[in-house]
Amino acid sequence: MTSPAQPTDPAPDSAPGPVPVLGAHDSDEHRGTGDERVRRFWSVRRIPAALLAAVVLGGAGLLLYDVAAVRADRTAMSWRRELADDLATRTLDDAVTLAATALVVLLGLWLLVLACTPGLRKVLPMRRAHPDVRAGLDREAAALALRDRAMEVSGVQSVKVRVGRAKVGVRAVSHFRPLDDVRADVESVLAGGVEELGLARRPALSVRVDRPSKKG
């Protein structure tokens, strides 16, 4: 007689492993720490680009037309003759030449700054929970959210919030309760509010609480 076949245990590699669940205590690999370096959003700058393109196109077209007219045995435009004569007789240390040179240099530096800086200073980059998704938060929207949180604190009459890239400035007015207690509550509430904004770079918090000004 043959004994019945005994069930064999499945191989360890074939058993399904535990499914990871992302929760509130995930590692920094999945959640931003609030201090990670995330590049800012770049501004398209359509208006400066359009103005520069229009000026260059207009100047190049006018100059090309004048050169073509001269090649066709016609006289050059009066403005180009006067400009050429003026540049031939004006010295380099002339006030008008220096002023025009300084203006051109400043314009060139401004264009270089626009080309090398991201712009969009009103948009704060947020933590990237997914590598293919980028999100930003408007400063005014962030200030409004923090202001609403601060107004929930007992004793706060009015709040002004200014959100910057590295600092959040809060100025509150309290009409009752000790100022130190109100300040501590506002700092506690806004610390959680700043964290919930999900910003890639967590700004520092500065809170100032005063009494209402007496009128008359």
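The values are calculated or read from the model by the stated rules, or taken from the named source; none is laboratory data. This one's a predicted model, so the numbers in the text were calculated from it and none came from an experiment. Here Cβ is always computed from backbone atoms with ideal geometry, including for glycine, and neighbour counts include all displayed protein chains.
The table for this structure:
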{"read-out": "Among (1) surrounded by 10 or more Cβ atoms within 10 Å (Cβ to Cβ); (2) at pLDDT 85 or above; (3) of a type outside the set (V, I, T) - the single one G34 does not satisfy", "value": "(2)"}
{"read-out": "Residue, surrounded by the fewest Cβ atoms within 10 Å (Cβ to Cβ), within the stretch 126-184, restricted to residues that are outside any loop (DSSP other than H, G, I, E, B) and among the acidic types (D, E)", "value": "D180"}
{"read-out": "Verdict on G119 being exposed (fewer than 11 other Cβ atoms within 10 Å of the Cβ), of a type outside the set (A, V, I, L, M) and within 30 Å of V55 (Cβ to Cβ)", "value": "no"}
{"read-out": "Helices (runs of 4 or more DSSP H) contained entirely in the stretch 40-121, each with at least 2 residues that are within 30 Å of A166 (Cα to Cα)", "value": "46-71, 95-116"}
